[in-house]
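Structure first, commentary second.
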Amino acid sequence: MKNPPVFDISGHLYILLTLLFTIYGQLILKWQMSQTGPLPSEFLGKLLFLLHQLLNPWIISGFFSAFLASLAWMAAMTRLDLNYAYPFMSLAFVIVMVLSVLFLGETLSWQRILGTVLVMSGLIVIAKA
């Protein structure tokens with residue numbers, strides 16, 4: 001497979017869908033797990049705690065979103081080279097970080113901002129190669 005000659009809109013749409021479903025799933029899982037309290041320390045308690053979470057409709061939607069992200073990624077792989085498409089997945093890291101600050105009230109340090117700028121700089125270099 002070759003990189004798209006100009007711009008493969010459908011391949012990029014599949015990447016966008018993969019990102020959206022992945023980001024939704026991560027934010028929903030964190031939001032819901034933040035509501036449940038700490039994970040018990042003993043093995044059986046951990047197992048029952050996690051199994052109970054599987055009954056939560058929001059958690060189910062997060063898992064379903066991950067499944068849809070996988071389907072969209074499979075479709076993207078039919079259109080684009082992996083070494084071209086995969087760096088786009090790093091955008092999920094940046095978007096989740098920003099949205100977790102905005103919607104989940106998580107903190108953002110200068111070190112994380114600097115690290116994100118470095119990662120994004122690397123992605124730009126990769127994308128230009």
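The condition of being assigned to a helix (DSSP H, G or I), exposed (fewer than 13 other Cβ atoms within 10 Å of the Cβ) and free of Cβ contacts under 8 Å to residues at least 12 places away in the same chain holds for only one of V101, V125, that being V125. Please list, ordered by first then second residue, the pairs with beta carbon atoms under 7 Å, 6 or more apart or interchain, first in the range 40-60 and more than 17 Å from L29 (Cα to Cα), second surrounded by 11 or more Cβ atoms within 10 Å (Cβ to Cβ) and among the charged types (D, E, K, R). Taking only residues 6 or more apart or on different chains, the pairs are P40/K46. When residues in the range 49-88 are screened for being part of a helix (DSSP H, G or I), more than 20 Å from the chain's Cα centre (by Cα) and loosely packed, with under 12 Cβ neighbours inside 10 Å, 2 of them pass.
Each value in this text was obtained by applying a stated rule to the coordinates, not by laboratory testing. Quick caveat: nothing in here was measured; it's all calculated off a predicted structure. Every residue, glycine as well, gets a Cβ built from its backbone with ideal geometry; the counts of neighbours run over all protein chains shown.
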